[in-house]
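The next block holds one structure in the form of structure tokens; read it before the comments.
The values are calculated or read from the model by the stated rules, or taken from the named source; none is laboratory data. Since this is a predicted model, take the numbers as computed values, not measurements. Cβ: placed from backbone, ideal geometry, glycine included. Neighbour counts: every protein chain shown.
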Amino acid sequence: MAQTKGYEMNSPPQQSSQFQAPQQQQHTTVIINQPSAPTNPLLVGTVQGTREWSSGLLDCSEDIGSMAFTCCCYPCSVCTIGNRIGENWFTLCFVPAADITYRTRIRTLGGIRGDMFSDCMSVTCCPACAVCQEQRELTTMGL
């Protein structure tokens, strides 16, 4: 066999010992804590109120327009409240007891003392009075 420059013709050229492929560095990540979901400070039931409602439940005569609107079309009045607190107007059509959840949200956002039970009782026993009170409260809050 013929040789050329120190290599045999039939064998592949050998790599010189001077060239080495770069080695990959190994990296180990240690997780100490599992990632958690962000918390929302305005969740219903987590904020204790510091004040009372600005008007009483039976003070409907303070806002005759709201009282007349609520008595003529209760669902429309509840949808108006939903719009004022940033909810879709059609929530009332698909969410049972949306008026109770709206009241709880108003109470929570306004820092008003109370609980879910009192919200439920107010809306169940006198829904028109509760909605009128919520309308007055939203006006007081500037919403």
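Could you tell me whether G142 is loosely packed, with under 14 Cβ neighbours inside 10 Å and at positive phi? So G142 passes the test. Among the residues of region 44-64, are any assigned to a helix (DSSP H, G or I), at pLDDT 90 or above and on the phi < 0 side of the Ramachandran plot? There is at least one residue in region 44-64 that is assigned to a helix (DSSP H, G or I), at pLDDT 90 or above and on the phi < 0 side of the Ramachandran plot.
Scanning region 85-99 for residues that are part of a helix (DSSP H, G or I) and either of a type in the set (D, E) or modelled with pLDDT of 90 or more (or both) returns a single hit, D99.
Select from region 65-84 the residues that are over 21 Å from the mean Cα position of the chain (by Cα) and either part of a helix (DSSP H, G or I) or of a type in the set (S, T, Y) (or both) and list them in ascending order.
Within region 65-84, G65, S66, M67, A68, F69, T70, C71, C72, Y74, P75, C76, S77 qualify.
For region 74-85, a residue qualifies if it is more than 21 Å from G142 (Cα to Cα) and either of a type in the set (G, A, S) or touching a residue at least 24 places away in the same chain (Cβ under 8 Å) (or both), and exactly one does: Y74. Within region 86-123, the set of residues being without any contact (Cβ under 8 Å) to a residue 24 or more places away in the chain, within 20 Å of C73 (Cβ to Cβ) and surrounded by fewer than 19 Cβ atoms within 10 Å (Cβ to Cβ) comprises E87, N88, W89, F90, T91, C93, F94, V95, P96.
Per-residue answers, yes or no, for (1) closer than 14 Å to S54 by Cα; (2) within 17 Å of the chain's Cα centre (by Cα):
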| site | (1), (2) |
| --- | --- |
| E87 | no, yes |
| P96 | no, no |
| D99 | no, no |
| T104 | no, yes |
| G114 | yes, no |
| M121 | no, no |
| A130 | yes, no |
| Q135 | yes, no |
